[in-house]
1. Hey, among G170, G144, which residue is over 20 Å from I46 (Cβ atoms), of a type outside the set (A, V, I, L, M, F, W, C), in a helix (DSSP H, G or I) and within 21 Å of the chain's Cα centre (by Cα)?
2. Is it the case that some residue within the stretch 2-16 is in a helix (DSSP H, G or I) and either among the charged types (D, E, K, R) or surrounded by fewer than 12 Cβ atoms within 10 Å (Cβ to Cβ) (or both)?
3. Residue by residue through the stretch 147-165, note down the ones that are β-branched (V, I, T), surrounded by 15 or more Cβ atoms within 10 Å (Cβ to Cβ) and either under 18 Å from the mean Cα position of the chain (by Cα) or under 30 Å from L42 (Cα atoms) (or both).
4. Among the listed residues I215, I198, identify the single one that is in a helix (DSSP H, G or I) and touching a Gly at 6+ places or on another chain (Cβ under 8 Å).
5. Can you name every one of the helices (runs of 4 or more DSSP H) wholly within the stretch 19-135 that holds 3 or more residues which are modelled with pLDDT of 75 or more and aliphatic (A, V, I, L, M)?
6. Quick check: anything in the stretch 225-233 surrounded by fewer than 20 Cβ atoms within 10 Å (Cβ to Cβ), within 27 Å of the chain's Cα centre (by Cα) and free of Cβ contacts under 8 Å to residues at least 24 places away in the same chain?
7. On the given criteria, is R245 within 20 Å of Y288 (Cα to Cα) and crowded, with 16+ Cβ neighbours inside 10 Å?
Amino acid sequence: MRTFRLIGDDTRIPFVRYQNWAYALSCTLILLTLVLLPTRGLNLGIDFQGGILIEVGMPSAAADLGQMRSTLGALGLGEVALQEFGGPSNVLIRVERQDGGEQGQLAAVHKVKAALADRFGEDISYRRVEFVGPKVSADLLWNGTQAMVYAFAGILAYIWFRFEWQFAVGGVVALIHDAVTTVGLFSLLGLEFNLSTIAAVLTIIGYSINDTVVIYDRVRENLRRYKAMPLPELIDRSINETLARTVMTSLTTLLALISLVLFGGPVIRDFTIAMIWGVVIGTYSTVYVAAPMILHLHLRRAMGEDAAQLAGAP
C-alpha cells in the first residue's frame, strides 16, 4: 500500500547554490525594516505607550466612526484613535495618557462615556476599560526587551554546548534575522505592537531554532559519516534529508494558524499574523541562513583532521 508523501525521500535540491540570492533577499528585508522603523515607526499598543483603552458596543448595527471621532475629539483629551474591532458595531477607543494620575484617567473615561451617551444614547455597552501608566509601560517595554535578549543568549549557549561555536553563531544570526523582519512586518502593516507581539516573537524564535537544530543534528551526523565529502554538498544533503519533516511541520502549523486568522476573532489576529510570518520566515532562515552560514565560518577547516571528535559522540 502506497502512502501519500508531499516531499520524497530522494530530493536533491541544490540549496547552497542559491545562497547568494537568499542573502540578497535577507539583506533587502533587513534594510527595509531599518528604513521603516524611523519613518513609519511602530504602532505601539497601550502596553508600551500608556493611556486608556475602551472597547464599546454601539446600539446601532454599524458604528459611525466619523461622528464618534468628532464627538470625542471635541473633549480636549488629546489624541483619540478609533477602529472597528470584531464587528461593525464594536469600536476600540484609544485615548492618550492624561495628566493627574489615576484621577485624571478616570475623569477622561467619564468624559468619554458622557459624550457618547449624550450623542448616541444610553444603550452603549462597555466591554473593556484599561489603564496603563508611564512607569508600567516603560517597565513592560524593558522587560520584553530583556526577555528577547535572554532568549538569544540562552539559545547561543545551548547550541554552542551541543554542537560547536560555528553552529551557535549561524543559529543566532538566523534568529535575529527572524525577529528583525517580524518587527519590520509590524511596521509595514501598522499592526499593533504590544506584549502579545513579544510573545509571538519569542514563539517564532522557539519554532525556528527547533527546525535549525534538526538540520544541524543531521549535518553533525553526516560529518561523521562522510568525512571526505565537500561541505557545501554535505549541507545540501543534510537539508534534503530533513526536508520532508521541515515542510510537513510548517504546513500543519500554517493550517492551524490560518484557521485562527479566519475564525479566531480580532483579539488574537495580530498575534496570529505574526506567527504565520514567523513560520514562513523561520523555515526560510533555517534553510538559507542558518545552514549555509556555517560555510562562511570555516567549519571544515576548524575541524581539521579530527572531524569525528569535533562533531561529538552521539
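1. Result: G170 is the single residue among G170, G144 that is over 20 Å from I46 (Cβ atoms), of a type outside the set (A, V, I, L, M, F, W, C), in a helix (DSSP H, G or I) and within 21 Å of the chain's Cα centre (by Cα).
2. There is no residue in the stretch 2-16 that is in a helix (DSSP H, G or I) and either among the charged types (D, E, K, R) or surrounded by fewer than 12 Cβ atoms within 10 Å (Cβ to Cβ) (or both).
3. Correct list: I155 only.
4. Unique residue meeting the criteria: I198.
5. 19-39, 65-73, 101-120
6. No, the stretch 225-233 contains no residue that is surrounded by fewer than 20 Cβ atoms within 10 Å (Cβ to Cβ), within 27 Å of the chain's Cα centre (by Cα) and free of Cβ contacts under 8 Å to residues at least 24 places away in the same chain.
7. No: the conditions fail for R245.
Residue-by-condition table, conditions (1) buried (at least 19 other Cβ atoms within 10 Å of the Cβ); (2) out of contact with any strand residue (DSSP E or B) (no Cβ under 8 Å at 6 or more places or on another chain); (3) of a type outside the set (S, T, Y):
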residue	(1), (2), (3)
L195	no, yes, yes
G206	no, yes, yes
I215	yes, yes, yes
I235	yes, yes, yes
S250	no, yes, no
S259	no, yes, no
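The values are calculated or read from the model by the stated rules, or taken from the named source; none is laboratory data. From a predicted model like this one, the values you see are computed outputs, not experimental measurements. Here Cβ is always computed from backbone atoms with ideal geometry, including for glycine, and neighbour counts include all displayed protein chains.
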